[in-house]
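Following: one structure in structure tokens, then a few remarks.
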Amino acid sequence: MPIVQTNDNQVPGGIYLCQVNEKISCGACCGLYNVADSSYESIMKMLTWRTDRFSSVNRNMDAILDFKEEVEDREPQSRPFPEFPHCPYIGLAGKERSRVGCLLHPLLDENKGIDFRGLSFYGGMACRVYFCPTYYSLSAVSKEIVRETAINWYGYGLVITETKLLNTVFEEIEHRLNRPLTANSLLKNNGCLKAVRKLLNLKINWPFRRKSSSGPANYFFKDQLYSRPHINYESSEKTVSRYNNLLQELESQFDSYNDLQAAEDLIDGLINKVIV
Ligand code: SF4
């Protein structure tokens, strides 16, 4: 989660994604969502406790490492992606604690300009210079749209790392518009903006997510250590949906033809509102 570079022109792809503004930031590459319960309420509770507790921790190596032990003792260590490290130093940042951020970062008031990230799992250098696949795999327009439509850090971090999902959605919109997509044209109309938000929010509240899914957390690195199972269309009496790629990325499961129809109608309805 590099948070030193704040200018778009200093990052790969020209759009800065990690710390966007007071409310919008991401901690996905630090394993933020790789927790037993990835609901907003549970993650918020976890981050609030850590931030409160860490504010009284002395800034020396032993105390900081003891804090890690304390976090790991009190929080469930079962994870949807066991080989994807979860950083115990993710907390809340900003004057109002309104976004997710690194408790070891030198810009955190209590750290008084000292960079303690060398004590994290990945080490200080990786934290400073790492950029996730989204930086390289998503168009600048798509990145801008996601940044502009995000309401809070929780949803933003979940969706910004979903490159296949986002590319599929924006390609479909562009195809239906029959002209190149621009953030301005899409978001200047309030109705459109709301529809884009709802469309991206399907990532969080998708009603057809397969029952065995561990929730909205995803593994977005390119090493294919974990992959999403293909959709089984048997019970829906279809061979494949026209939205197969999108439904696949939403980890769908359909128990009947009606379920699949309802899912396609839901997506159709939202895309139609986006392209008015
Ligand atoms: S997952 Fe990507 S956007 Fe999010 S903090 Fe990491 S590098 Fe930044």
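The values are calculated or read from the model by the stated rules, or taken from the named source; none is laboratory data. In this text the structure is predicted, and so the values were computed from the model without any measurement. Every residue, glycine as well, gets a Cβ built from its backbone with ideal geometry; the counts of neighbours run over all protein chains shown.
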Considering segment 234-264 alone, what residues qualify as being surrounded by fewer than 20 Cβ atoms within 10 Å (Cβ to Cβ) and part of a helix (DSSP H, G or I)? E234, S235, N244, N245, Q248, Y257, N258, D259, Q261, A262, E264
Of the conditions (1) part of a helix (DSSP H, G or I); (2) more than 22 Å from S98 (Cα to Cα); (3) within 13 Å of the ligand (Cβ to nearest atom), L158 clears all except one; give me its number. (2)
Mind listing whichever residues of segment 124-153 are away from the ligand (no atom under 11 Å from the Cβ) and buried (at least 21 other Cβ atoms within 10 Å of the Cβ)? S142, I145, T149, A150
Name every residue in segment 102-117 that is surrounded by 15 or more Cβ atoms within 10 Å (Cβ to Cβ) and assigned to a helix (DSSP H, G or I), in order of residue number. N111, R117
Being part of a loop (DSSP other than H, G, I, E, B), surrounded by 15 or more Cβ atoms within 10 Å (Cβ to Cβ) and at negative phi narrows I231, I271, I267 down to just I231
When you scan segment 17-39, do you find a residue that is assigned by TED's automatic domain parsing to the domain that holds E96, free of Cβ contacts under 8 Å to residues at least 12 places away in the same chain and not in a loop (DSSP other than H, G, I, E, B), even just one? no
Log entry, pairs with first residue in segment 152-163 being outside the structural domain of G94 (by TED's automatic domain parsing) and over 15 Å from E251 (Cα atoms), second being more than 10 Å from the ligand (Cβ to nearest atom) and polar (S, T, N, Q), beta carbons closer than 6 Å, six or more apart or on different chains, reads none
Given the criteria in contact with a Cys (Cβ under 7 Å, 6 or more places away or on another chain), away from the ligand (no atom under 16 Å from the Cβ), part of a helix (DSSP H, G or I) and not assigned by TED's automatic domain parsing to the domain that holds R99, does L186 qualify? yes
Index of the failed condition, F81 passing every other in (1) farther than 26 Å from Q224 by Cβ; (2) surrounded by 14 or more Cβ atoms within 10 Å (Cβ to Cβ); (3) within 16 Å of the ligand (Cβ to nearest atom): (1)
Sort out which residues of segment 116-157 are out of contact with any Gly (no Cβ under 7 Å at 6 or more places or on another chain), over 15 Å from C26 (Cβ atoms) and of a type in the set (K, R), and write them in order of number. R128
